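Notes to accompany the following structure.
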Amino acid sequence: MRKARRTMPQTASTGFSSAKLFATAFLVFSATMANAQVTANPANKGLAIASVADQRDHGFKDYSADVTMKLRSKTGGESQRQLNIKVLEGRDDGDKSLIVFSRPRDINGTALLTFSHKTGNDDQWIYLPALKRVKRISSTNRSGAFVGSEFAYEDLVRPDVARYTYRWLRDETIEAQPVHIVERTPTYRNSGYKRQIVWYDQAEFRILRIDFYDRNNALLKRFSASGYQIYERKYWRPALMLMVNLQNGKSTSLVWKNYKFGNGYSDSYFNKNRIKNLR
């Protein structure tokens, strides 16, 4: 009898361990299969990469920066503009941003106010001091050049993940840096682009390059970002952005400095009725 009593707990323990082992193996198998499905499906993998990049930049609340815009012609001529940008992170919707030019004198006070949205068209207003009025940017004009630069109005809006479809193309190494290469296609109306090819670095999911294809699917522009620095121990921001128009030979660079986070901006600051008084 004593021998039987010793055997029964042993058998029960073995059964319990087997059940745990089976459950663990099943979970590992399920996770492996789910990961395999994401990897095997280029659309799922592309969306997953874009989602990680987006999530890593959440929570910054607001920031401001000073920017020098340099416009270069095909023949090498150059002009400069100074501007300040303020951004308020959206809570339930997209971000709000305000760009105000200070130099040269003829565009001092020119301002662009943008309300980005997770769905539907974004709202944009521009104030032109020469006209002394605030003008709404029509959604049909979002592909137009912003103050004569190679950046379009739609390039100045933080891209929400839900506004594109995605397709992972490949992983490769560029200048010793592993990258994900993903194609994204705008789903919002009146975009000037048929598709975009985005390079994300695999370590931090920062955007390093974007190739923009026009509505005829011809390569139009190439964007690059470099000199990234981390702020608030989490948020990566570039020191230099460059947009090169591969069809007309022109380019525009944005040199960023004096990033400042936690300014305490509120929605009331980003008001189209007050942008005419921001010189």
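Miscellaneous remarks
- Once Cα extents along the principal axes in Å is calculated for the structure shown, the corresponding label among [x] 42, 40, 38; [y] 103, 41, 34; [z] 57, 43, 30 turns out to be [y].
- With helices as the sole contributors, the chain gives -7000 deg cm²/dmol at 222 nm; each DSSP H run of n ≥ 4 counts as -39500 (n - 2.57), and the sum is divided by every residue.
- Given charges at beta-carbon only (K, R positive; D, E negative), |dipole| of the chain in Debye: 460
- Under 15 Å from a label point set 7 Å out along the Cα-to-Cβ vector of residue 248, the amide N atoms of segment 74-93 belong to 74-79.
- Full extension of the chain segment joining residue 277 with residue 174 gains 32.5 nm, where the gain is 0.36 nm per residue of separation less the Cα-Cα distance.
- Here segment 48-92 is scanned for amide nitrogen atoms under 18 Å from the site 7 Å beyond the Cα of residue 145 along Cα-to-Cβ, giving 69-82.
- Charge-dipole axis of the chain as Lys and Arg at +1 and Asp and Glu at -1 on Cβ define it, positive-most pick from 226, 75, 44: 44
- Model label points for residue 52 and residue 68, set 7 angstrom from Cα along the Cα-to-Cβ axis, are 3.6 nm apart.
- Anchor residue 135: lysines whose Cα lies under 20 Å away (excluding residues fewer than 8 positions away in-chain): 86, 96, 272, 276
- Inter-site label distance for residue 78 and residue 268 at 7 Å from Cα along Cβ, in nm: 4.3
Values quoted throughout were computed directly from the atomic coordinates according to the rules given, and no laboratory measurement underlies them. These figures come from a predicted structure and were not determined experimentally. Using ideal geometry, Cβ is built from the backbone for each residue, glycine included, and neighbour counts are taken over all protein chains shown.
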